Amino acid sequence: MVSRSYSNLLDLATGAADQAPAPAALGALRRRLPRVVTTAGLIDDSPLSPSTPSPSPRPRTIVVANHLPIRAHRPASPSEPWTFSWDEDSLLRHLQHSSSSPAMEFIYIGCLRDDIPLADQDAVAQALLESYNCVPAFLPPDIAERYYHGFCKQHLWPLFHYMLPLSPDLGGRFDRALWQSYVSANKIFADKVLEVINPDDDFVWVHDYHLMVLPTFLRKRFNRIKLGFFLHSPFPSSEIYKTLPVREELLRALLNSDLIGFHTFDYARHFLSCCGRMLGLSYESKRGHICLEYYGRTVSIKILPVGVNMGQLKTVLALPETEAKVAELMATYSGKGRVVMLGVDDMDIFKGISLKLLAMEELLRQHPEWRGKLVLVQVANPARGRGKDVDEVKGETYAMVRRINEAYGAPGYEPVVLIDEPLQFYERVAYYVVAEVCLVTAVRDGMNLIPYEYIVSRQGNEVLDRMLQPSKPEEKKSMLVVSEFIGCSPSLSGAVRVNPWNIEAVADAMESALVLPEKEKRMRHDKHYRYVDTHDVGYWATSFLQDLERTCKDHAQRRCWGIGFGLRFRVVSLDLSFRKLAMEHIVMAYRRAKTRAILLDYDGTLMPQAINKSPSANSVETLTSLCRDKSNKVFLCSGFEKGTLHDWFPCENLGLAAEHGYFLRSSRDAEWEISIPPADCSWKQIAEPVMCLYRETTDGSIIENRETVLVWNYEDADPDFGSCQAKELVDHLESVLANEPVSVKSTGHSVEVKPQGVSKGLVARRLLASMQERGMCTDFVLCIGDDRSDEEMFQMITSSTCGESLAATAEVFACTVGRKPSKAKYYLDDTAEVVRLMQGLASVSNELARAASPPEDDDE
């Protein structure tokens, strides 16, 4: 069966996504149109010239999420309007009040949680825009159902929490119709962003897995858009993620962002591993910032857990309702000599409520002294999803609570109190205040802010402190038992971390948290509170937006254009001085030149990376044609051995540089020379055993032992493990070879040891110097290569030291293969373009030779 592609959905028929015209107030939000409309449907998105005056508008961030931070209140009668209020429980609600830049304006785009009748949508949109700076996205009911409860909750959410669809009961099998609805919904969100964005000034901040393909739609419309994405869920390991049929489309969509944020390094590491294994991308750290180079664009990775709103929590703690609820709970529990342990979780399969209850049961079984004293209050919030698994969790939870209470309860005492109805926020805070221990046993959770809220609540205030500890109100304490599989765990170093699957260990941790000395509890609480207080939601938002601004600061100084179709669309971004080598440009210079020097790398330049490294007959014929032109001096520089190059290239006038330039030969009938004094290769006796050790421990790696070079190649090894081993090998070799006259270098998929002083730059210098000595005034230089060793050639031919060997009017073309940071000024996309260029130059040489040859005599 022919597989069906899912990558052509970017231009889905928009019939289902068409929206009603934007309200008039949108004109005020969009400050001005993009710069110049040059042709119908095309917008000139080139950078502003330095002389163009630019106003300094108030900075603005468009926050895009699945749900708006708004609560909608249904009218009592159809004739009355809808009313709205801020959702104080929404994280996004607190961005504008927490940001350290009060001048920042926030616009929110997302769905409402209530279904708005079509007839009311215009009025609702107008009211939200004018009063709350919110732009609602109204999804058609069928798309909304398949998008959220379908693809998001049946595919992405289980997979990102490490649940594979091994059977229909364990998450849904991949459904193309749900995927199409997901893409359609993201397109509707994109249209809403385009209604209000000023692409030159605004930042766009997209949130969570519901909108993972949105960056592609936005980047396609505005190549220089300043776009950040933050994932609030876990990102699974590559072994889990690669089971997703649309894995590459989602990765490429995320990479259309400028900054991608994660709660923990583990989540970021998994994402980077997926990019390496599935897209062949590597990352590096630049002054503490993790970066990916993606078609010339720098995509930064941000690792920062979100925080809580300290102002909101302190306000709630001071409410009279909170104080009254605390007094009520103290009378219920503390007044009867009970110790409260608290759990607050959604009623879903990943929150580990049943594991918590099993641990509580085990604790009461092992420690009878806690019976009648310890109470686990479990607040079970309604599940965000729905389905069979949610019903099973509910049924199992109720059954376990009944069993524990029947086994260990007594008149007037229930060891487990299950609260399965929504609580007001102040009520939840009151439970935090009276709980001695907070227990979070989720088996997988993106962040989970419950421990942070608990810590702030236990810090309390003067009134609550006197209620809790009348004798020592200044002594604050709290204890946390948290799963090691939740995002907040790494930041809570004073918590007791547990594996929630190990019931006995969790029970032991619960008991140890209860009996820990008071002084130790206070020390741990103080440490946690200092962190939570300084890393609140404002710190998180400000830090992310500052990094987004830093990442996007050079957008206007780069040339950008889009390539690719559908969800494989991406933007190529290059420095203004770095441009593609145009055939017309170089051919004109080639025709004008009298003396030409051509330096070419081989593997990865004339020949693509492949198992068979030998050149094709066409490549040899092209080089032969170039060498026949007496105006040309062609030199091929390679890391291969001289014997191999001799056999592969029977061209008479072709110059060869073997083993990165240690051996040189100007033509086929010339003798091989060495570029530096003879090297002593006794160092191989030290280096080779070390490389053998790494070859044996790295499956797929090999050793290439050349005359003066030793190479450990891990091209066929696992990319992550091979890269890790390569770094270790470089350190090991540099240590054992510290007193040897050699250099150790790491290239794309290998580690090389070669004599000091050997470089391709030396080859370029010697070639141009020898041509000058023979009276040849070189006025054309072309140098093409693809890896780090070729950068030495680029640097040499463009440096002032090389200028003495060239004519005053010489034209120099340093060209790298692939769009990447380079000392070259030009690039070609791949080896196929290099071969076409060489064939074109060879055709020009043949044409010039025919034009210069005398016409044949006519015998008649």
Exercise. Can you name the number of the only condition in (1) open to solvent by 10 Å² or more (accessible area, probe 1.4 Å); (2) closer than 14 Å to L156 by Cα; (3) not aromatic (F, W, Y) that R277 fails?
Worked result: (2)
For this session: Looking at (1) at pLDDT 90 or above; (2) in the same structural domain as A764 (by the TED database), find the lone condition where A687 falls short.
Result: (2)
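Results for (1) assigned by the TED database to the domain that holds R338; (2) small (G, A, S); (3) at pLDDT below 90, shown as yes or no for each residue.
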site: S483; (1), (2), (3): yes, yes, no
site: S491; (1), (2), (3): yes, yes, no
site: A507; (1), (2), (3): yes, yes, no
site: V515; (1), (2), (3): yes, no, no
site: M523; (1), (2), (3): yes, no, no
site: R550; (1), (2), (3): no, no, no
site: C560; (1), (2), (3): no, no, yes
site: I563; (1), (2), (3): no, no, yes
site: F569; (1), (2), (3): no, no, no
For this session: Filter region 741-762 down to residues that are at pLDDT below 90 and over 27 Å from I784 (Cα atoms), then give me how many there are.
Result: 0
Exercise. If you go through region 255-265 one residue at a time, how many are within 25 Å of P490 (Cα to Cα) and buried (at least 17 other Cβ atoms within 10 Å of the Cβ)?
Worked result: 6
Problem set entry | Hits in region 462-498 - residues which are open to solvent by 60 Å² or more (accessible area, probe 1.4 Å) and farther than 30 Å from T315 by Cβ | E484, R497
Problem set entry | Tally of residues being among the acidic types (D, E) and either over 19 Å from I301 (Cα atoms) or open to solvent by 70 Å² or more (accessible area, probe 1.4 Å) (or both) across region 526-556 | 4
Exercise. Considering F138, F84, F106, which residue is in contact (Cβ under 8 Å) with a residue 60 or more places away in the chain and open to solvent by less than 40 Å² (accessible area, probe 1.4 Å)?
Worked result: F138
For this session: Select, from S233, S238, S181, the only residue that is of a type in the set (S, T, Y) and in contact (Cβ under 8 Å) with a residue 60 or more places away in the chain.
Result: S233
For this session: Among residues belonging to region 605-644 that are β-branched (V, I, T) and part of a loop (DSSP other than H, G, I, E, B), point out the one that is farthest from T778 (Cα to Cα).
Result: I611
Exercise. Are any of the residues in region 711-728 closer than 22 Å to G661 by Cα and among the charged types (D, E, K, R)?
Worked result: no
Exercise. What about R591, is it of a type in the set (K, R), at pLDDT 90 or above and within 30 Å of S90 (Cα to Cα)?
Worked result: no
Exercise. What do you reckon, is K325 assigned by the TED database to the domain that holds I455 and either on the phi > 0 side of the Ramachandran plot or crowded, with 21+ Cβ neighbours inside 10 Å (or both)?
Worked result: yes
Exercise. Right, A597: in contact with a Cys (Cβ under 8 Å, 6 or more places away or on another chain) and either part of a strand (DSSP E or B) or of a type in the set (V, I, T) (or both) or not?
Worked result: no
For this session: For residues that are open to solvent by 10 Å² or more (accessible area, probe 1.4 Å) and of a type in the set (S, T, Y), tally how many sit in region 177-208.
Result: 1
Exercise. Of the numbered conditions (1) within 20 Å of I455 (Cα to Cα); (2) not in a helix (DSSP H, G or I), G311 satisfies every one except a single condition; which is it?
Worked result: (2)
Problem set entry | Neighbours by Cβ (under 7 Å, 6+ apart or cross-chain): first from region 363-389, open to solvent by 40 Å² or more (accessible area, probe 1.4 Å); second hydroxyl-bearing (S, T, Y) | R371/Y408
Exercise. Looking at region 395-446, which of the residues that are closer than 21 Å to D87 by Cβ and open to solvent by less than 10 Å² (accessible area, probe 1.4 Å) is nearest to the chain's Cα centre (by Cα)?
Worked result: G446
Problem set entry | Given (1) charged (D, E, K, R); (2) over 36 Å from the mean Cα position of the chain (by Cα); (3) within 30 Å of P677 (Cα to Cα), number of the condition R788 does not satisfy | (2)
Seminar exercise, completed: Taking region 253-263 and keeping only residues that are touching a residue at least 60 places away in the same chain (Cβ under 8 Å) and touching a strand residue (DSSP E or B) at 6+ places or on another chain (Cβ under 7 Å), one is left with L255, N256, D258, L259, G261
Exercise. Of all residues in region 664-700, which are open to solvent by less than 90 Å² (accessible area, probe 1.4 Å) and acidic (D, E)?
Worked result: E688
Seminar exercise, completed: Given (1) open to solvent by less than 10 Å² (accessible area, probe 1.4 Å); (2) touching a strand residue (DSSP E or B) at 6+ places or on another chain (Cβ under 6 Å), L250 misses just (2)
Problem set entry | Output for region 223-238, where each listed residue is at pLDDT 95 or above, more than 13 Å from Y267 (Cβ to Cβ) and open to solvent by 10 Å² or more (accessible area, probe 1.4 Å) | K226
Exercise. In region 632-659, how many are in contact with a Leu (Cβ under 9 Å, 6 or more places away or on another chain) and in contact (Cβ under 8 Å) with a residue 60 or more places away in the chain?
Worked result: 7
Seminar exercise, completed: Conditions (1) out of contact with any Leu (no Cβ under 9 Å at 6 or more places or on another chain); (2) more than 26 Å from A849 (Cβ to Cβ); (3) in contact (Cβ under 8 Å) with a residue 12 or more places away in the chain; (4) not aliphatic (A, V, I, L, M) -> C692 fails only (3)
Problem set entry | Tally, over region 565-593, of residues that are open to solvent by 30 Å² or more (accessible area, probe 1.4 Å) and under 20 Å from the mean Cα position of the chain (by Cα) | 2
Seminar exercise, completed: Given the conditions (1) surrounded by fewer than 24 Cβ atoms within 10 Å (Cβ to Cβ); (2) modelled with pLDDT of 95 or more; (3) among the β-branched types (V, I, T); (4) under 15 Å from A318 (Cβ atoms), every one holds for V456 apart from (1)
Exercise. Of a type outside the set (D, E, K, R), touching a strand residue (DSSP E or B) at 6+ places or on another chain (Cβ under 9 Å), open to solvent by less than 10 Å² (accessible area, probe 1.4 Å) and modelled with pLDDT under 95: does that describe Y294?
Worked result: yes
Problem set entry | Single residue of region 126-150 satisfying the filter (of a type in the set (F, W, Y) and not in a loop (DSSP other than H, G, I, E, B)) that is farthest from the chain's Cα centre (by Cα) | Y132
Exercise. Tally time: how many residues in region 373-406 are over 22 Å from C438 (Cβ atoms) and part of a loop (DSSP other than H, G, I, E, B)?
Worked result: 3
Problem set entry | Residue count, region 755-773 (criterion: open to solvent by 10 Å² or more (accessible area, probe 1.4 Å) and farther than 17 Å from L656 by Cβ) | 5
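The values are calculated or read from the model by the stated rules, or taken from the named source; none is laboratory data. Keep in mind it's a predicted model, so treat the numbers as computed, not measured. A quick note on method: Cβ atoms are made from the backbone with ideal geometry, for glycine too, and the neighbour counts reach across all protein chains shown. Areas reflect the complete protein model, heavy atoms only, side chains present, ligands, DNA and RNA absent. Shrake-Rupley method; radii C 1.70, N 1.55, O 1.52, S 1.80 Å.
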